[in-house]
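First comes the structure, then the notes that go with it.
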Amino acid sequence: MSDKPKNKKIIDWKLRFRAITVWWRVVFLFLFIIILFVIPRSGMTLPMFIIKCLIISAIAALPLDIILIYVIFPLFFNKQRRIHIDLMKRFRTEGFSSGVISEMEIQLDVCRKKSVYSNYTNIYSELLANYYIEEGKLDRAKAALDAADLQGLYHDSDTVTAQTSIITYHALKIQYAAESKDTELADRYYDEGEKYFTQFYGKTDHISFMADYGRFYHKFVHGGFEDCGKLMEKYISADSDNIRCDANSLLGLALGKQGRREEAERCFEAAEELAKLYFTRNVILKKRKLAFEDEMA
């Protein structure tokens, strides 16, 4: 799977701004009700008194809102956030090491019990599903996918973070069905995911790639290897090394299945040059073996 969008910092700031505005309204309403019944009118007319209360509440709500979001809330939620940040740092350096996998399993079990951690749940679910699918441990991949909690994202899907998670989840479900060689299940998962692939396509390179990643495996399980190749061709010159690596690996698989061994080998070699982690190199090796299995039969 490819890397996260490059505009993640912009996305984070948009989410922070949204949180500040939402909680400002809550704090403002709370303060207004208190001030309305606590401050004496001192001979003021009711309309003027209400305007005074509104102004005081609006001004006071902003600093209290910031304190609430950046001081009070972190006291309750930062522990899990720190764990998540540390685990993602390990993942970027170690990849899918046994230690990282074990910790992700633990954190998935912890986070899925509280809806406030649904974002973390979905990240761990998708990463573990990707790992287990590529390792051929399909029962564990299904369990990881079943742990995802996307209901909130479906109702609030206007951020790139939400769109990425939705697309990745549906693409992995199709890949799971394809690896299980279950064409009917792949069709059902494709029908579920295609509306999101179409809706969010083009939002980022990562989203577009993952949409075509899902489409690739749907066509692959039905033997549409030429169409599979066409889906991946446009990504072999992408800006992201991870996207280029995955695209070359999948294109090599599609070309190999068409009997175009020489072209397929070039793609696999390009993918290997871009692979940074042992897990990725191992995935490429497995796809190369799959690409040419018909020749060895």
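Here 48, 44 are screened, and the one residue that is more than 24 Å from residue 117 (Cα to Cα) and modelled with pLDDT under 85 is 44.
Listed here are the residues, each with its yes/no results for (1) in contact (Cβ under 8 Å) with a residue 60 or more places away in the chain; (2) touching a Gly at 6+ places or on another chain (Cβ under 8 Å); (3) over 26 Å from residue 93 (Cβ atoms).
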position: 213; (1), (2), (3): yes, no, no
position: 224; (1), (2), (3): no, no, yes
position: 287; (1), (2), (3): no, yes, no
position: 292; (1), (2), (3): no, yes, yes
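Only one of the numbered conditions (1) surrounded by fewer than 17 Cβ atoms within 10 Å (Cβ to Cβ); (2) free of Cβ contacts under 8 Å to residues at least 24 places away in the same chain; (3) within 20 Å of residue 284 (Cα to Cα) is not met by residue 231, and that is (1). Taken together, 237, 208 contain a single residue that is hydroxyl-bearing (Ser, Thr, Tyr), surrounded by fewer than 23 Cβ atoms within 10 Å (Cβ to Cβ), touching a helix residue (DSSP H, G or I) at 6+ places or on another chain (Cβ under 9 Å) and over 30 Å from residue 150 (Cα atoms), which is 237.
Please verify whether segment 253-260 includes one or more residues that are surrounded by fewer than 18 Cβ atoms within 10 Å (Cβ to Cβ) and of a type in the set (Gly, Ala, Ser). Yes: one or more hits. Selection of segment 132-144 for residues being surrounded by fewer than 19 Cβ atoms within 10 Å (Cβ to Cβ) and part of a helix (DSSP H, G or I) yields 138, 139, 140, 142, 143.
Is it true that residue 162 is in a helix (DSSP H, G or I), surrounded by 15 or more Cβ atoms within 10 Å (Cβ to Cβ), outside the structural domain of residue 261 (by TED's automatic domain parsing) and over 16 Å from the mean Cα position of the chain (by Cα)? No; evaluated as a whole, the condition is false for this residue.
When residues in segment 92-131 are screened for being among the hydroxyl-bearing types (Ser, Thr, Tyr), farther than 16 Å from residue 79 by Cα and crowded, with 22+ Cβ neighbours inside 10 Å, 2 of them pass.
Could you name every one of the helices (runs of 4 or more DSSP H) located completely within segment 198-297 that has at least 2 residues being of a type in the set (Asp, Glu) and modelled with pLDDT under 95?
In segment 198-297, 293-296 are the helices (runs of 4 or more DSSP H) which contain 2 or more residues that are of a type in the set (Asp, Glu) and modelled with pLDDT under 95.
Determine if segment 188-206 includes at least one residue that is more than 24 Å from residue 108 (Cα to Cα) and touching a residue at least 60 places away in the same chain (Cβ under 8 Å). Yes.
The values are calculated or read from the model by the stated rules, or taken from the named source; none is laboratory data. Predicted, not measured: the structure shown is a model, and the values here were computed from it. Here the Cβ is made from the backbone with ideal geometry for all residues, glycine too, and neighbour counts use every protein chain on show.
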